[in-house]
There are 2 protein chains.
Amino acid sequence: MKLNERGLLVVLSGPSGVGKGTVRKALFASEGQNFTYSVSMTTRPKREGEIEGKDYFFVTEEEFKKKIEAGELLEYTYFCGNYYGTPLSQVEEALDSGKELILEIEVNGCRQVKEKMVDAVTIFIVPPNKDVLYQRLMRRGTESPEEVQKRISKANAEFGLAYQYDYIVVNDDVKNAADRIRAIIRAEHASTRRSIYKYYELLGDTGENKDEQ
Amino acid sequence: MKLNERGLLVVLSGPSGVGKGTVRKALFASEGQNFTYSVSMTTRPKREGEIEGKDYFFVTEEEFKKKIEAGELLEYTYFCGNYYGTPLSQVEEALDSGKELILEIEVNGCRQVKEKMVDAVTIFIVPPNKDVLYQRLMRRGTESPEEVQKRISKANAEFGLAYQYDYIVVNDDVKNAADRIRAIIRAEHASTRRSIYKYYELLGDTGENKDEQ
């Protein structure tokens, strides 16, 4: 019996090249999963094979800035000349439906999310060591050497932001990392701060006297 | 890869009759488990079939009070004319060995444990509803009607102490409850506060600059 039945906002983040996307795909491929996702918005050019509304919502810089001004983004970031962000619309709706909303965001978006959604569960995905990350970035091959170098510098700065997150998950093996994230979600549902009101409801008790005891 | 390799002190508690012992046994029967336990000390008379040093350390009230005075107990409680407590000896040793130490204690011992071991993970086990608990207590048959009534009154008071715990786990089904506790342990190992120093070690970084970023 799960006491807290509202979905969780689960933020996956970590330096570029750490395998966030692969871990997220493994999560969504889990048996009996109850996950949903929110498509990010970006001003960066569409890569080959990417689909509008599935991989990203591709918008112009002008459109993106309007969204920021209207407060319609949960978080956003600017990197290498492009904006990336999460539209606020549908986030609450997804959570109320009881599904876990998995968000994959840039590292420096964590603080913005926590400010707007204090209940978010934030997970920092890290490589087993730095070399693995550098190799992944260089092997990717979709970016110029200058862009790879930028991403490496950015990753090194981002390692220091791990302390802002609730959990640190090492992506040494995609299955292990996904299993650990599922355990985190299950544990968070059982956390007292999320489930105590439902618990008193279950016992037919208002819990009004709980602070006196 | 598990960042935090020290064992966790996991406190299982909940009103008498909630099935703490059954859940604990299910945990210890898990495949590939890495759990150890600490035998409690009590002044209550040994029940038929109970074994000294396995079910409890059975001591006299005088011996128990000496342990309290010497500060040799992690927590203790007095109930129905008897003392129950956890000897501090071997607790740290068990945790340093990398095993998860599962402690089953009385509800009002939680605060004492948290005072001495702030890192403890405390789990409050609850019945799916109050009637299930009352029925279990009455069916047990090892106590007099007066003792059953005392335990029911005590359980009702203890429901209000759930907020002192980190997690609330409903024991609607022993397997489910044990699975959820395993998920909690796994998640706690990945929590940033437990794993951040190991993480910086892994990256060959002292993490000294992390507050500046």
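Provide a single number: the residues in the stretch A:26-62 that are of a type in the set (Lys, Arg) and closer than 25 Å to A:GLU92 by Cβ. So the count comes out to 1. Return the residue satisfying two criteria in turn: it lies in the stretch A:178-194 and is of a type in the set (Gly, Ala, Ser), facing chain B (nearest Cβ under 9 Å) and in a helix (DSSP H, G or I), and of such residues it is farthest from A:LYS130 (Cα to Cα). Within the stretch A:178-194, the match that is farthest from A:LYS130 (Cα to Cα) is A:ALA190. Summed over the stretch A:115-149, the residues that are surrounded by fewer than 17 Cβ atoms within 10 Å (Cβ to Cβ) and among the hydroxyl-bearing types (Ser, Thr, Tyr) give a count of 2. When residues of the stretch B:155-172 are filtered for being within 7 Å of chain A (Cβ to nearest Cβ) and touching a residue at least 12 places away in the same chain (Cβ under 8 Å), how many remain? Going through the stretch B:155-172 one residue at a time, the tally reaches 10. Restricting A:LYS175, A:LYS116 to those that are in contact with a strand residue (DSSP E or B) (Cβ under 9 Å, 6 or more places away or on another chain) and not hydrophobic (A, V, I, L, M, F, W, C) reduces the list to A:LYS116.
Testing A:LEU88 on (1) in contact (Cβ under 8 Å) with a residue 12 or more places away in the chain; (2) within 14 Å of chain B (Cβ to nearest Cβ), one condition comes back false. Which one is that? Going through (1) in contact (Cβ under 8 Å) with a residue 12 or more places away in the chain; (2) within 14 Å of chain B (Cβ to nearest Cβ) one by one, A:LEU88 breaks only (2). For the stretch B:106-136: of the residues being closer than 15 Å to B:VAL18 by Cα and of a type in the set (Lys, Arg), which is modelled with the highest pLDDT? So the residue we want is B:LYS130. With respect to the conditions (1) surrounded by fewer than 19 Cβ atoms within 10 Å (Cβ to Cβ); (2) closer than 20 Å to A:ASP55 by Cα; (3) among the polar types (S, T, N, Q), A:GLN112 lacks only one, and its number is (2). Of the strands (runs of 3 or more DSSP E) lying entirely inside the stretch A:1-105, those containing at least 1 residues that are among the β-branched types (Val, Ile, Thr) and at pLDDT below 90 span A:73-79, A:82-87. Taking the condition acidic (Asp, Glu), out of contact with any Gly (no Cβ under 7 Å at 6 or more places or on another chain) and either within 12 Å of another protein chain (Cβ to nearest Cβ) or part of a helix (DSSP H, G or I) (or both), does B:GLU147 pass? When the stated conditions are applied, B:GLU147 passes them.
For the stretch B:114-144, filtering for residues that are facing chain A (nearest Cβ under 10 Å) and either more than 28 Å from B:ASP166 (Cα to Cα) or in a strand (DSSP E or B) (or both) leaves 5.
Every condition in (1) in contact with a Gly (Cβ under 8 Å, 6 or more places away or on another chain); (2) surrounded by 17 or more Cβ atoms within 10 Å (Cβ to Cβ); (3) more than 7 Å from chain B (Cβ to nearest Cβ) is met by A:ILE152 except one, and the failing one is (1).
The values are calculated or read from the model by the stated rules, or taken from the named source; none is laboratory data. No experiment lies behind these values; they were computed from the predicted model shown. A quick note on method: Cβ atoms are made from the backbone with ideal geometry, for glycine too, and the neighbour counts reach across all protein chains shown.
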